[in-house]
Amino acid sequence: MTARVKVLYFASLRDVAGIASETFDTAAPDLRVLYIELRARHGFALPVEKLRVAVDGAFARWEDKPRAGSEIAFIPPVSGG
């Protein structure tokens, strides 16, 4: 079964993807596999271990299943000054 989700990209992920968000259909069993699918699609260099993931505005676990209609954000480490 597939789920249509809205994916948000921040910082370096947004730069690499060339977009801030996209709607994506996935059959991924969890958020980790969803990121791996998107990593292959866009060529992201960052591994899962370097990111945080949020679903509908709250931090989530990589083992959580993508739910249709959710907004999923992949958040890389950022530096500022």
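Rule-based calculations on the coordinates, nothing more; no lab input. Bear in mind the structure is a predicted one, so any value in this text is a computation, not a measurement. Backbone-built Cβ (ideal geometry, glycine too); neighbour counts: all protein chains shown.
Overview of values
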| item | result |
| --- | --- |
| Complete set of residues in region 25-51 that are within 10 Å of the chain's Cα centre (by Cα) and outside any helix (DSSP H, G or I) | 51 |
| Out of 23, 2, sole residue that is touching a Ser or Thr at 6+ places or on another chain (Cβ under 8 Å) and not basic (Lys, Arg) | 2 |
| Filter result for residue 5 (surrounded by 12 or more Cβ atoms within 10 Å (Cβ to Cβ), in contact with a Phe, Trp or Tyr (Cβ under 8 Å, 6 or more places away or on another chain), aliphatic (A, V, I, L, M) and closer than 20 Å to residue 78 by Cα) | no |
| Residue selected from region 8-25 under the condition in contact (Cβ under 8 Å) with a residue 60 or more places away in the chain and hydrophobic (A, V, I, L, M, F, W, C), by the criterion surrounded by the most Cβ atoms within 10 Å (Cβ to Cβ) | 13 |
| Residue within region 2-17 that is assigned to a loop (DSSP other than H, G, I, E, B) and touching a helix residue (DSSP H, G or I) at 6+ places or on another chain (Cβ under 8 Å) present | no |
| Looking only at region 26-49, and only at residues there that are surrounded by 10 or more Cβ atoms within 10 Å (Cβ to Cβ) and of a type in the set (D, E, K, R), the one that is nearest to residue 3 (Cα to Cα) | 30 |
| Residues of region 52-80 classified as in contact (Cβ under 8 Å) with a residue 12 or more places away in the chain and outside any loop (DSSP other than H, G, I, E, B), total | 9 |
